[in-house]
1. Among Thr163, Thr232, Thr197, which is farther than 14 Å from Ser134 by Cα and free of Cβ contacts under 8 Å to residues at least 12 places away in the same chain?
2. Pull out all pairs, ordered by first then second residue, where Cβ-Cβ is under 8 Å, the residues are six or more apart or on different chains, the first lies in region 78-104 and is on the phi > 0 side of the Ramachandran plot, and the second is buried (at least 22 other Cβ atoms within 10 Å of the Cβ).
3. Output the residue which, of all residues in region 316-334 that are within 13 Å of the chain's Cα centre (by Cα) and modelled with pLDDT under 90, is nearest to Ser222 (Cα to Cα).
4. Right, Ala113: modelled with pLDDT of 95 or more and touching a strand residue (DSSP E or B) at 6+ places or on another chain (Cβ under 8 Å) or not?
5. If we only count strands (runs of 3 or more DSSP E) wholly inside region 174-285, which ones have 2 or more residues that are within 18 Å of Leu296 (Cβ to Cβ)?
Amino acid sequence: MTIPVEEPGIVPDGRQLSELTHYSTSTRMVYRRRILLATRVRALLGLSLAAILTLTVGVHRLFADGTIRARDVPVDSTTIPVGGGPLAVVVNPKGKYAYIANNGGDTVSIIGAASNHVTETVPLRISPTSLAISPNGRTLYVSSDLGATTNMRPAVAIINASTGKETKYLNVGGASDDVIFSPNGLAAYVAGSSGITIIDTATQRISGTISVAPNPQTIAISPDGQTLYVVTEYSITSRPAGSLLQVVNVATRTVQSTIHQNGLAPFGLAVNPRGSALYETFAGGASVTNVAVKVLNTSTNKIVSTILIAAGARGVAFSPNGKQAYVCNADGSGISVINTASPSIERTIGLNTASLGPQPWAIAINPDGSRAYITNFAFLDRTLGTVTVLDLAKS
């Protein structure tokens with residue numbers, strides 16, 4: 001199967017190293033874009049590809065030095081092999097199962113909380129990018145960037161969570177990067193090449209679309225279901241380079257506010273349980289000092305805090321009580337734990353992953369806050385894939 005590669009354009013002078021982290025969402029096309037760009041820099045500087053990638057990590061560490069406390073080695077953690085390229089994870093409402101989207105393996109792995117093992121692997125006809133579970137825990141929706149076979153196009157897979165069987169593939173007009181359910185479970189929202197597609201979950205048919213800025217990559221919804229937050233891909237060809245954060249009124253299906261994020265490459269997005277704050281993570285930008293978490297006050301739609309992260313922030317998730325936010329660090333250092341009252345980093349939980357090996361990528365917290373499920377993604381080998389399960393009470 002031919003994988004399309006988007007030309008990244010000319011790397012701006014003086015920003016070669018920081019531009020290496022300008023990938024948007026967790027898709028095959030984006031990673032190959034990053035490797036292509038690293039290869040071009042390698043040709044310019046005469047360094048190996050591994051050296052280039054290592055140097056970008058090192059630069060991030062240098063600029064963010066002193067912004068986090070010494071890492072803590074987790075007291076109780078388990079690493080579980082899953083399919084290749086695990087990009088996303090969700091936990092069912094009862095906390096009994098975790099579901100992993102394996103982009104490299106074209107599968108969904110199901111981990112049983114009781115056994116801490118993969119209890120089932122669901123083969124797909126798509127390459128998954130993200131997944132969401134319905135509030136009643138019965139249904140999984142899986143977004144995709146590619147078809148897994150030559151006669152299959154990108155689609156949203158609908159899976160019976162109880163049986164692990166595919167029930168339907170829904171064409172949403174192209175590749176999709178993210179999917180979420182409304183809090184009441186009556187609708188699902190898909191971010192992709194056709195904008196935001198709305199799915200009626202009762203009929204499992206498309207009920208409408210929301211027009212947003214091009215290339216939406218990550219979405220989140222308020223606890224009351226009234227507001228949708230949409231982040232667009234980072235673009236180095238736009239002037240100025242950057243991304244957009246858009247605030248959407250769900251009832252009217254209109255954009256209420258647009259925040260320009262100049263020089264910033266976004267990644268993760270999460271609303272706290274009270275709905276009062278939106279946390280957005282950034283994997284990099286036009287300056288390495290932009291490796292951060294930004295906090296948006298949802299009442300004013302204004303950024304009220306910026307928290308520097310060691311080297312590229314990825315997935316973010318809140319504890320059930322909202323007192324902590326957990327952020328994946330892409331340099332392999334582990335998980336930054338943010339005290340949301342401050343807000344500031346209170347500690348770092350070490351995962352002991354190598355800088356060029358699998359990196360902490362996505363994170364989900366179980367309903368009682370006792371466990372975190374973290375996918376570990378390897379940039380240079382998408383056949384690799386593990387999930388780390390942390391006992392948060394002992395970490």
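1. Values: Thr232 fails: free of Cβ contacts under 8 Å to residues at least 12 places away in the same chain; Thr197 fails: free of Cβ contacts under 8 Å to residues at least 12 places away in the same chain.
So the residue among Thr163, Thr232, Thr197 that is farther than 14 Å from Ser134 by Cα and free of Cβ contacts under 8 Å to residues at least 12 places away in the same chain is Thr163.
2. Gly85/Asn102; Gly85/Asn103; Gly85/Gly105; Gly85/Phe377; Gly85/Gly385; Gly95/Arg371
3. Restricting to residues being within 13 Å of the chain's Cα centre (by Cα) and modelled with pLDDT under 90, the top hit is Asn329.
4. On the way: modelled with pLDDT of 95 or more: yes; touching a strand residue (DSSP E or B) at 6+ places or on another chain (Cβ under 8 Å): yes.
Yes, satisfied.
5. Values: elements: 176-181, 187-192, 195-200, 205-210, 216-221, 227-232, 242-249, 254-262, 264-271, 277-285.
The qualifying strands (runs of 3 or more DSSP E) are 176-181, 216-221, 227-232, 242-249, 254-262, 264-271, 277-285.
The values are calculated or read from the model by the stated rules, or taken from the named source; none is laboratory data. What you are looking at is a predicted structure, and each value in this text was computed from that prediction instead of being measured. Methodologically, a virtual Cβ is constructed for each residue, glycine included, from the backbone with ideal geometry; neighbour enumeration extends over all protein chains shown.
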